[in-house]
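The values are calculated or read from the model by the stated rules, or taken from the named source; none is laboratory data. Owing to the predicted nature of the structure, the values given are computational and were not obtained by experimental measurement. Note that each Cβ is placed from the backbone with ideal geometry, even for glycine, and that neighbours are counted across all protein chains shown. Remember, those area values only see protein heavy atoms, side chains included, never the ligands or the DNA or RNA. Shrake-Rupley method; radii C 1.70, N 1.55, O 1.52, S 1.80 Å.
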Amino acid sequence: MRRLLTLTAGLLLAASAAQAADKLTPADMTEIQMLYSRYAFAYDSGNKEMYGGVFTEDGLFKIGTDRTLKGPKEIGGLISSGLRVRPKIFHLTTNILIDAAPEGAKGTCYVALIDLQKNPAITGGGVYEDILVKTKAGWRFKQRTYFG
């Protein structure tokens, strides 16, 4: 009987842990939403450290099928100019969908590029597909793929 109770308790704990891995808490969802905002704000304001910092140390940023950048330093290197106090170009991220996944979470969203110095102001856009993981420093992009 004792073995049966131990086995049953073990199975319940395993099932509970598996179910917990399939769910994101409200705090997780909020932090992931802020990660998406931090990504766009960092790029638009020219903050290389913040921009690279939204990725894990081994994170990948794939631009279509042609280009892959690895790690915060290389990804942060996409920003060539210094900090801009009032940016004129904005990345508007919309329709963010986040789902729990075995590695943490999967996300996708639309992005529109707005250039206030041009007419028409919408100058580009696309879709991001993301793999997100929770690190000691919080949620980060493990892999981000942009399709323009």
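Hey, among Gly71, Gly77, Gly64, which residue is open to solvent by less than 60 Å² (accessible area, probe 1.4 Å) and closer than 14 Å to Phe141 by Cα?
Criteria check complete, one pass: Gly71.
Could you list all residues from segment 49-61 that are open to solvent by 30 Å² or more (accessible area, probe 1.4 Å) and aliphatic (A, V, I, L, M)?
Met50, Leu60
Small (Gly, Ala, Ser) and in contact (Cβ under 8 Å) with a residue 60 or more places away in the chain: does that describe Gly138?
yes
Give the residues of segment 28-49 that are at pLDDT 95 or above and not β-branched (Val, Ile, Thr), sorted by residue number.
Asp28, Met29, Glu31, Gln33, Met34, Leu35, Tyr36, Ser37, Arg38, Tyr39, Ala40 - these are the residues of segment 28-49 that are at pLDDT 95 or above and not β-branched (Val, Ile, Thr).
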